[in-house]
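The values are calculated or read from the model by the stated rules, or taken from the named source; none is laboratory data. What you see is a predicted model, and the numbers here were worked out from it, not measured in a lab. Positions of Cβ are generated from backbone atoms using ideal geometry, with glycine treated the same way; all protein chains shown enter the neighbour counts. Just the protein is used for accessible areas: all its heavy atoms, side chains included, with ligands, DNA and RNA removed. Shrake-Rupley method; radii C 1.70, N 1.55, O 1.52, S 1.80 Å.
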Amino acid sequence: MISEEIIDVLVDRYIKPDSILAFGTSKHSETFLKKVALKLQDPTHALQNVSVVPTSGTIAGILGDLGIHVADINESEIDVAVEFVDLIDKQFNYIKRDSLSLVRDKMIAQSAAEMIAIADEKDLVKGLSGKVPFEISIFGWKRSLIQLEALGKAELREKKGQPFKTETNHYIIDVDIDEIYSLEDLELQSKNIPGVIETGLFIGYADRIITHGKKGIEVKSRMDYTQQNKISEE
């Protein structure tokens with residue numbers, strides 16, 4: 001559930017006039033963008049000339065419908081990127097599973113001056129594990145699947161009985177990994193497999209975490225992790 005409080009925190013604190021935004025590819029991001037757009041159009045916020053880099057066809061359509069200016073990642077630097085993540089550790093590394101393109105998601109995470117990850121409070125953990133998605137080439141995908149089996153139980157993602165295709169025209173294989181001893185080694189090992197294009201592991205990209213749940217909304221910053229800003233108690 002995307003609360004109005006999260007939107008208020010994001011818009012009031014981290015989105016500035018003339019900034020360029022990007023949202024990761026997911027259903028959550030599409031819903032979130034629509035709600036943020038209403039805030040951006042509110043004259044009391046005085047946010048003018050905000051642009052968004054479209055990361056999916058659906059997001060591009062939403063921007064057109066709402067009259068929000070579209071920015072080109074090839075010509076613009078992203079000021080703030082927002083991502084909904086499935087699991088994040090206390091070193092700000094995260095796994096994203098709900099993705100329409102891990103390639104595009106990682107490009108905006110790497111490009112953004114500030115990367116904000118949003119997660120349920122229960123998904124802030126000591127160590128990452130469980131299902132990790134890998135975006136792979138359609139050509140020879142069965143060979144990639146067999147080699148990814150060395151990491152854990154691997155399955156080709158499907159939608160309505162057919163292989164799921166990303167916005168970048170690739171397949172996704174989900175690998176269930178019980179325990180990840182080294183995120184860097186897993187990233188390197190998987191990308192040494194021919195056909196593996198990108199992973200759902202995001203190592204060192206997030207600058208800030210916004211968590212939500214029973215404790216309210218909390219903001220954690222990589223810049224000063226010792227002094228957290230607990231929104232719910234302000």
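Across the stretch 1-91, Cα pairs under 8 Å and at least six residues apart give a relative contact order of 37 percent.
When the solvent-accessible area of the chain is split by element, carbon and sulfur atoms take up 49 percent of it, the probe being 1.4 Å. In order along the stretch 62-77, the phi-based Karplus estimate (6.51 cos²θ - 1.76 cosθ + 1.60, θ = phi - 60°) of 3J(HN,Hα) comes to 4, 4, x, 5, 8, x, 8, 5, 9, 9, 9, 5, 6, 10, 10, 8 Hz; Gly and Pro are listed as x. Could you give log10 I(q)/I(0) at q = 0.15 Å⁻¹ for the stretch 10-90, computed by the Debye formula over C-alpha point scatterers of equal weight, without solvent? So the normalised log intensities are -0.50. Modelled label positions at GLU184 and ASP98, each set 7 Å beyond Cα in the direction of Cβ, lie 3.2 nm from each other.
Note on the stretch 129-194: Rg/Rh from C-alpha atoms, Kirkwood Rh, equals 0.96.
Panel note: the C-alpha atoms of the stretch 100-148, placed on their principal axes, show extents of 37, 26, 15 Å (largest first). Under 5 Å between amide hydrogens, built in the peptide plane, is the criterion, and for ILE136 it picks out TYR171, ILE172, ILE173, ILE197 among residues at least 5 positions away or on other chains. Per residue, the average separation of C-alpha pairs within less than 8 Å and at least 6 apart gives the chain a relative contact order of 19 percent. Local charge for SER26 was computed over the other residues whose Cβ lies under 12 Å away, with Lys and Arg +1 and Asp and Glu -1, and equals -2. Taking 0.36 nm per residue of sequence separation and removing the Cα-Cα distance, the LYS191/SER137 pair yields an extension gain of 18.2 nm. In the elastic network of the chain, a GNM with C-alpha springs shorter than 10 Å, the most mobile of GLU83, GLU30, GLU184 is GLU184. When the chain is treated as a Gaussian network with alpha carbon springs shorter than 10 Å, the biggest mean-square fluctuation among HIS69, HIS212, HIS170 belongs to HIS69.
The residues of the chain expose on average 50 square angstrom of accessible surface per residue, using a 1.4 Å probe on protein heavy atoms. Less than 5 angstrom separates the built amide H of ILE177 from those of GLY130, LYS131, VAL132, all sequence-distant by 5 or more or on a different chain. Distance between the 7 Å Cα→Cβ label points at GLU5 and LYS165: 4.2 nm. Measuring between their Cα centroids, the stretch 150-197 and the stretch 64-136 lie 17 Å from each other.
Normalised by 2.2 N^0.38 Å, where N counts its residues, the alpha-carbon radius of gyration of the stretch 1-138 equals 1.04. Using a Gaussian network model on the chain with a 10 Å cutoff between Cα atoms, which of ASN169, ASN74, ASN93 fluctuates the most? Most flexible of the set in this elastic network: ASN74.
Pull up the cross-link candidates among the aspartates and glutamates for LYS214, meaning alpha carbon to alpha carbon under 13 Å and not fewer than 8 places away within one chain. List returned: ASP120, GLU121, ASP123, GLU233.
Taking the square roots of five times each eigenvalue of the Cα gyration tensor of the stretch 76-234, the equivalent ellipsoid has semi-axes of 29, 16, 14 Å, listed largest first.
Pairs to check: LYS96/LYS126; LYS131/LYS160; LYS96/LYS153; LYS39/LYS131; LYS90/LYS160. Give those whose C-alpha atoms are more than 28 Å from each other in this structure.
LYS39/LYS131; LYS90/LYS160
Straight-distance candidates among the aspartates and glutamates for linking to LYS122, with alpha-carbon spacing under 13 Å and chain neighbours fewer than 8 residues away dropped: ASP86, ASP89, GLU218.
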